[in-house]
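The values are calculated or read from the model by the stated rules, or taken from the named source; none is laboratory data. None of these values were measured; they are calculated from a predicted model. Counting neighbours? That spans all protein chains shown, and the Cβs are built from the backbone with ideal geometry, glycine included. All accessible areas refer to the heavy atoms of the entire protein, side chains included, with ligands and DNA or RNA removed. Shrake-Rupley method; radii C 1.70, N 1.55, O 1.52, S 1.80 Å.
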Amino acid sequence: MITDLVDTSFIGLDPTPIAANTSQNNPKSFLSNKFKPDNQPKADTDCKLGVHTASNQTNEKKYEFYWGYKNHVLVDCISGLPIYELTTTANVHDSTVALDILADTHTFLPITECTFLADKGYDVKNIYNQVQELYQGECIIPLNK
């Protein structure tokens, strides 16, 4: 049974960027308009423009634009095993999918009394409220100033 392998007392959610296979993502491309939202790549008409930040530090401004997708993965932080995965276009904000991921996961694997770990992209009041009220858990999320 899955509950014998996965421990939901500490769960973490994080997205990872998936760059589309398009010349606009090539760092050697010097086109001035390669990251303009209205310059949709012809090689992948479904991908969207996104930004990937490289740090949770508030004073660091390291980020990259890219055309592509995001893979949001909920993991058991004890074993490192993935629990739930959702792929969206790159323009979908992390916090907008978190509540659905937690609710869907809870339908097949109880996450009651969990500690939810996430990066500053999930610093939204609704997430804190749902984890506390519906799952009697707590959140550990850096503040997004």
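Close Cβ contacts (under 7 Å, 6 or more residues apart or on different chains) running from residues in the range 128-145 that are closer than 11 Å to F116 by Cβ to residues that are among the hydrophobic types (A, V, I, L, M, F, W, C) and assigned to a helix (DSSP H, G or I) comprise Q130/L99; Q130/L102; G137/V131; E138/V131; C139/I127; C139/V131. Residues that are in contact (Cβ under 8 Å) with a residue 24 or more places away in the chain and touching a Ser or Thr at 6+ places or on another chain (Cβ under 6 Å) within the range 22-47 comprise P41, D44, listed in sequence order.
Among the listed residues D104, D119, identify the single one that is surrounded by 17 or more Cβ atoms within 10 Å (Cβ to Cβ) and charged (D, E, K, R).
Result: D119 is the single residue among D104, D119 that is surrounded by 17 or more Cβ atoms within 10 Å (Cβ to Cβ) and charged (D, E, K, R).
Filtered by the rule that a residue be farther than 26 Å from G12 by Cβ, touching a helix residue (DSSP H, G or I) at 6+ places or on another chain (Cβ under 7 Å) and at pLDDT 90 or above, the range 34-92 gives a lone residue, W67.
Looking only at the range 2-34, residues that are polar (S, T, N, Q) and surrounded by 15 or more Cβ atoms within 10 Å (Cβ to Cβ) come to 4 in all. Looking across the range 10-48, the residues that are outside any strand (DSSP E or B) and under 23 Å from G121 (Cβ atoms) come down to A20, N25, F35, P37, D46, C47.
For the range 15-33: of the residues being of a type in the set (S, T, N, Q) and over 9 Å from Y66 (Cα atoms), which is modelled with the highest pLDDT? Once the filter is applied, the top-ranked residue is T16.
I'm checking my understanding of the structure. Among residues of the range 104-129 that are part of a helix (DSSP H, G or I), closer than 16 Å to F10 by Cα and not aromatic (F, W, Y), which one is farthest from the chain's Cα centre (by Cα)? This residue is H106. Is it fair to say S95 is in a loop (DSSP other than H, G, I, E, B), of a type outside the set (D, E, K, R) and either modelled with pLDDT of 85 or more or open to solvent by 50 Å² or more (accessible area, probe 1.4 Å) (or both)? No: the conditions fail for S95.
Just to verify a result, which residue in the range 35-50, among those that are open to solvent by 40 Å² or more (accessible area, probe 1.4 Å) and acidic (D, E), is farthest from L117 (Cα to Cα)? If we take residues in the range 35-50 being open to solvent by 40 Å² or more (accessible area, probe 1.4 Å) and acidic (D, E), then D38 is farthest from L117 (Cα to Cα). Scan the range 55-63 and give yes if some residue there is in contact with a His (Cβ under 7 Å, 6 or more places away or on another chain) and either more than 23 Å from D123 (Cα to Cα) or open to solvent by less than 70 Å² (accessible area, probe 1.4 Å) (or both), otherwise no. No: zero hits.
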